[in-house]
């Protein structure tokens with residue numbers, strides 16, 4: 001399928017903002033449909049990708065999403081909605097939304113999938129930083145954007161991340177983001193949720209955005225490429241995003257695809273960043289068991305060093321150097337017993 005140019009996108013843009021500003025971004029095309037346009041004084045662009053949300057009965061969640069963006073405090077932002085040419089009346093429904101404290105811009109055009117749509121968000125964003133908030137997710141704390149922006153600017157990082165809440169019968173914090181317990185998993189598992197990540201737009205442009213050849217793991221691939229490119233991330237000690245569990249990534253039928261693509265991403269990362277060529281079975285073992293086979297114990301040490309150098313402000317928790325050393329010995333013993 002041919003990817004339309006940004007100029008072709010522009011014909012479908014509907015602008016909805018507090019000032020009824022009719023300007024939009026247009027720029028030349030690059031290989032992942034990511035291109036450059038000059039930014040204005042906007043701090044953050046919140047990108048929401050959607051397709052037929054009303055048809056699936058998620059309009060209440062989408063409304064919560066819109067309201068939560070408009071409720072953000074002490075930050076100059078815009079809300080960019082990338083719609084995949086919905087046929088369920090989404091555009092008419094959005095036109096009726098009038099709680100426009102901040103600019104809302106909408107692009108409605110066919111696309112080949114979620115990652116092409118997310119790349120279009122990078123191309124059209126006017127903010128210095130970008131955060132992705134799916135149409136059924138929302139910000140539960142109005143301080144989220146200002147706190148993340150202050151943190152990333154103070155520490156001069158390329159991206160920020162924070163704990164998220166899962167929304168099901170109970171609201172609970174993402175167990176993967178207990179930093180002092182999960183540090184060794186930060187490379188071998190997707191531990192961040194893009195609903196809490198501010199990422200420099202210039203970095204996303206430099207890396208050419210998401211690789212659309214992936215169907216489910218392009219976000220994991222992008223994180224690994226960000227790390228390989230020297231990007232630094234900072235921890236924001238505030239939970240402000242709620243992640244709905246009904247999406248693509250939580251579907252049982254997609255679990256195998258996600259696993260296979262993630263293994264491929266990790267295998268490529270080890271090869272090109274560390275020069276270590278692993279078999280599929282070895283990487284699969286690492287990904288599923290969170291344990292390195294003993295012959296790769298030095299690689300484990302290298303990744304731990306990388307984590308401490310690149311991820312800033314991660315709380316270490318209430319553990320002493322003795323317990324930390326004891327945990328390392330236990331992990332080392334697991335590596336020796338790795339069944340590879």
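Hand me the list of helices (runs of 4 or more DSSP H) wholly inside the stretch 175-235 holding 1 or more residues that are modelled with pLDDT of 90 or more and surrounded by 20 or more Cβ atoms within 10 Å (Cβ to Cβ).
Values: elements: 179-182, 201-206, 218-228.
Of the helices (runs of 4 or more DSSP H) lying wholly inside the stretch 175-235, those with at least 1 residues that are modelled with pLDDT of 90 or more and surrounded by 20 or more Cβ atoms within 10 Å (Cβ to Cβ) span 201-206, 218-228.
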*Filtering the stretch 83-106 down to residues that are free of Cβ contacts under 8 Å to residues at least 40 places away in the same chain, surrounded by 15 or more Cβ atoms within 10 Å (Cβ to Cβ) and outside any loop (DSSP other than H, G, I, E, B), which residue is nearest to the chain's Cα centre (by Cα)?*
83
*Looking at (1) farther than 23 Å from residue 222 by Cα; (2) at pLDDT 95 or above, find the lone condition where residue 97 falls short.*
(2)
*State whether one or more residues within the stretch 128-146 are crowded, with 23+ Cβ neighbours inside 10 Å, over 17 Å from the mean Cα position of the chain (by Cα), modelled with pLDDT under 95 and assigned to a loop (DSSP other than H, G, I, E, B).*
no
_Single residue of 56, 48 found to be modelled with pLDDT of 50 or more, under 20 Å from residue 243 (Cα atoms) and in contact with a strand residue (DSSP E or B) (Cβ under 6 Å, 6 or more places away or on another chain)_ = 48
*Restrict the check to the stretch 1-12 and report whether at least one residue is under 19 Å from residue 132 (Cα atoms) and at pLDDT below 95.*
no
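The values are calculated or read from the model by the stated rules, or taken from the named source; none is laboratory data. Bear in mind the structure is a predicted one, so any value in this text is a computation, not a measurement. Cβ: placed from backbone, ideal geometry, glycine included. Neighbour counts: every protein chain shown.
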